[in-house]
Structures are given as C-alpha cells and as structure tokens.
Amino acid sequence: MPYKFYSSREKLKRIPLYYFLLILIACFPIIIVATASCIAEANDCVINEAGAHPCYIGKTDYGELLSVMFVFVWLMLVTIPGGIVALVWLTYATIHDVRFHSGKGRTAYDTWLEQLKNRR
C-alpha cells in the first residue's frame, strides 16, 4: 500500500463510521425490498416480479411503485459481493494503519519502502 488510508490518529476514530456506511450501502436493496413487502402485506396487496398489481392505500394506487421497489432484490447481485470486497479491503487498510499508528514501529512494508527510497 503506497499510502496510508488513515493519515493520522484522529482519522482512525472514523473506522466504525466507515464500516457502518459500508454495511448500509451493501444492504440497501434488502432494506428497500423489506419495506415494499411490509407495506404490501399491511395493505393486503399482491406484490411480485411479474408486474404491477393494483394496491390502493387511501385512494391512491401504489402498485407500480411497490413493484419497482420489489425488483430492487436483483441489485443485491452487485451490492453484496461488492460490499464483501470493500469490507476485506477496508479491514486490510485498517489493520495496516492501526499497526503503523500504534507506536510499535513500522511494518515490514514501510521498512521496505524506506530502503527503496534510500537506494537512490
């Protein structure tokens, strides 16, 4: 890693926020589909991927909107694997930078980079 992801100790305090946002973005389609399913079930509406069915909630038809929200389930094919890859990368960057800022010395990678710079 040629640069430090967290350039100071103060930025290390943001790690839980980064993990929370990553999990929220990866699970976003699940939240949308669950919301659509709960709304449809509470109002005795039919919801599926075949198409929009009439769903009246207080004189307004929300069938098309609920159908589109329900199709968000296919977005999980991208967000879940992408979230796993991002989670692994964020964990690697976190471990590297926590070790660098811990005061226990440098990592082997940092020592190797310094040796390369000194050869010039």
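Keeping to pairs on different chains or 8 or more places apart, tell me how many lysine pairs in the stretch 9-119 have Cα atoms under 28 Å apart. Could the numbers behind the result be given before it?
Details: LYS11/LYS104; LYS11/LYS117; LYS13/LYS104; LYS104/LYS117.
Eligible lysine pairs with Cα atoms under 28 Å apart amount to 4.
Rounded to the nearest 500, what is the 222 nm mean residue ellipticity of the chain from helices alone, with -39500 (n - 2.57) per DSSP H run of 4+ residues and division by all residues?
Numbers: 6 runs with 77 residues, N = 120.
After summing the helix terms and dividing by the residues of the chain, the value is -20500 deg cm²/dmol.
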Report summary line: By the rule of another cysteine's Cβ lying under 4.7 Å, the cysteines of the chain that fail to get a partner are CYS27, CYS38
Report summary line: Between VAL46 and LEU77, the FRET efficiency computed from the C-beta separation at R0 = 22 Å comes out, to the nearest 0.05, as 0.35
Requested in this report: Identify, among LEU12, PHE100, PHE72, the residue whose Cα sits farthest towards the positive end of the charge dipole of the chain, taking +1 on the Cβ of Lys and Arg and -1 on the Cβ of Asp and Glu, with the dipole about the Cα centre.
Outcome: PHE100
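Quote to one decimal, in nm, the extra length available between HIS53 and ALA86 on full extension: 0.36 nm per residue of separation minus the C-alpha distance between them. Before the final figure, lay out each step's value.
Numbers: separation 33, 0.36 × 33 = 11.88 nm, distance 3.73 nm.
Computed gain between HIS53 and ALA86 is 8.2 nm.
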Query raised in the report: For the chain, with only Lys/Arg (+1) and Asp/Glu (-1) charged at the beta-carbon, what is the dipole magnitude about the Cα centre, in debye rounded to 20?
Result: 1360 debye
Query raised in the report: What's the angle, to the nearest 10 degrees (0 to 90), between helix 28-42's Cα axis and the longest principal axis of the chain?
Result: 20 degrees
Query raised in the report: In 10 Å bins starting at 0, how do the alpha-carbon pair distances of the stretch 9-119 split up by percent?
Result: 13, 27, 20, 16, 11, 8, 4, 0
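Read-outs throughout are calculated quantities, based only on the coordinates presented, and are distinct from any laboratory measurement. Since the structure is predicted, the reported quantities are computational estimates derived from the model, not experimental observations. A quick note on method: Cβ atoms are made from the backbone with ideal geometry, for glycine too, and the neighbour counts reach across all protein chains shown.
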